[in-house]
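The values are calculated or read from the model by the stated rules, or taken from the named source; none is laboratory data. Keep in mind the model is a prediction, meaning the values are calculated, not measured. Here the Cβ positions follow ideal geometry from the backbone for every residue, glycine too, while neighbour counts run over all protein chains shown.
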Amino acid sequence: MEPSTAPAPVAVPTRRHYLMCRPEHFDVTYAINPWMDPAAGADARRAVAQWEALREAYLGLGHEVSLIEPVPGLPDMVFAANGGLVVGGRAYGARFTHPERRAEGPAYMDWFRRNGFPDVLEPAHTNEGEGDFLTLDRVILAGTGFRTDLAAHQEAQEFLGRPVVTLRLVDPRFYHLDTALFPLDGENVAYYPGAFSPGSRAVLERLFPDALIASERDAAVLGLNAVSDGLNVVVNAEAGDLIAALRRLGRTPVPVDLSELRKAGGGPKCCTLELRPAAALP
Ligand SMILES: CN(C)C(=N)NCCC[C@H](N)C(=O)O
């Protein structure tokens, strides 16, 4: 972890609205990323207990949490972040890469339409929602390389009217952008450089000269799959160096144990889709 020389900015939390999906049907029955081992499976009861603690953490921080009904036969549906991208009250739907998850896209789009987000774009291009689109005040950062197509970056930009900056992922362990980077607030990010192509690393250095640079050790426990409200950072408890660095930056880490969900390759952010109403961003 590189020490920060810049004075810590004053961190201000804002109240968020999250969508989550209880992992009632969670299991590891197929392998679509290097974290998944169907022979080992997973324990849905343990996953539900860990997920409940995550939901409690958000409620304890004063955030609103809405729930989508889990669908039998869709064990990865708990990873709500992949279900779409909601910015300015508009919902850009997901279109999953792997057939095993394809039915999740319409399920989430249906939820958006029925729950106050009628302006939904059914995507023409493959994209896995907030797994590969991370929203800051001025730009949306977008990952490609493993799941989300480059053409989806354009599609999201046109639909949402916000600049989308493409970042290329190169390490299969970090197959979604939100495994390798998270917004600390509306203007700055934390990331693991090894997950990105040289050109994308240069882009990140230009855009975020004061970024928090995370180690491979923290990235390898999905420490960067974290959720910040501007002050409080809900983060995998095993990411010790990252947690210490957040404290030094004046942030409040909120460690959680999602080790059961990590068996499918997910962490706190994967379980959390932010619903940004119109006028929530500058
Ligand atoms: C953004 N991230 C990392 C996630 N939302 N990950 C969860 C997806 C896990 C699922 N088994 C898959 O491979 O699609």
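Numbers for the structure displayed
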item	result
Residue within the stretch 248-257 that is out of contact with any strand residue (DSSP E or B) (no Cβ under 8 Å at 6 or more places or on another chain) and away from the ligand (no atom under 16 Å from the Cβ) present	yes
In the stretch 258-270, the residues that are within 11 Å of Val78 (Cβ to Cβ) and either near the ligand (Cβ under 8 Å from one of its atoms) or not charged (D, E, K, R) (or both)	Leu258, Leu261, Ala264, Gly266, Cys270
Flag for Ala103 being farther than 27 Å from Leu231 by Cβ, within 14 Å of the ligand (Cβ to nearest atom) and in contact (Cβ under 8 Å) with a residue 40 or more places away in the chain	no
The stretch 27-42, subset in contact with a helix residue (DSSP H, G or I) (Cβ under 7 Å, 6 or more places away or on another chain) and closer than 22 Å to Ala220 by Cβ, residue nearest to the ligand (Cβ to nearest atom)	Ile32
Residue that is within 12 Å of Ala264 (Cβ to Cβ), at pLDDT below 95 and surrounded by fewer than 16 Cβ atoms within 10 Å (Cβ to Cβ), where the choices are Ala40, Ala31	Ala40
Selected residue (criterion: nearest to Pro172 (Cα to Cα)) from residues of the stretch 214-233 that are buried (at least 21 other Cβ atoms within 10 Å of the Cβ) and among the polar types (S, T, N, Q)	Asn225
Filtered residues of the stretch 52-84 (kept if part of a loop (DSSP other than H, G, I, E, B) and either within 16 Å of the ligand (Cβ to nearest atom) or in contact (Cβ under 8 Å) with a residue 60 or more places away in the chain (or both))	Leu61, His63, Ile68, Pro70, Val71, Gly73, Leu74, Pro75, Asp76, Met77, Val78, Phe79
Subset of the stretch 126-148 (residues that are of a type in the set (Ser, Thr, Tyr), free of Cβ contacts under 8 Å to residues at least 60 places away in the same chain and closer than 15 Å to Leu181 by Cα)	Thr144
All positions within the stretch 152-182 that are touching a residue at least 40 places away in the same chain (Cβ under 8 Å), surrounded by fewer than 23 Cβ atoms within 10 Å (Cβ to Cβ) and within 16 Å of the ligand (Cβ to nearest atom)	Pro172, Arg173
Selected residue (criterion: nearest to the ligand (Cβ to nearest atom)) from residues of the stretch 132-141 that are farther than 20 Å from Tyr108 by Cα and in contact with a strand residue (DSSP E or B) (Cβ under 7 Å, 6 or more places away or on another chain)	Leu141
Residues being in contact with a Pro (Cβ under 9 Å, 6 or more places away or on another chain) and either β-branched (Val, Ile, Thr) or within 13 Å of Leu134 (Cβ to Cβ) (or both) - total across the stretch 144-169	1
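Listed here are the residues, each with its yes/no results for (1) assigned to a loop (DSSP other than H, G, I, E, B); (2) at pLDDT below 95; (3) within 12 Å of the ligand (Cβ to nearest atom); (4) closer than 24 Å to Val164 by Cα.
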| position | (1), (2), (3), (4) |
| --- | --- |
| Val86 | no, no, no, yes |
| Tyr92 | no, no, no, yes |
| Thr97 | yes, no, yes, yes |
| Ala107 | no, no, no, no |
| Pro118 | yes, no, no, yes |
| Glu130 | no, no, yes, yes |
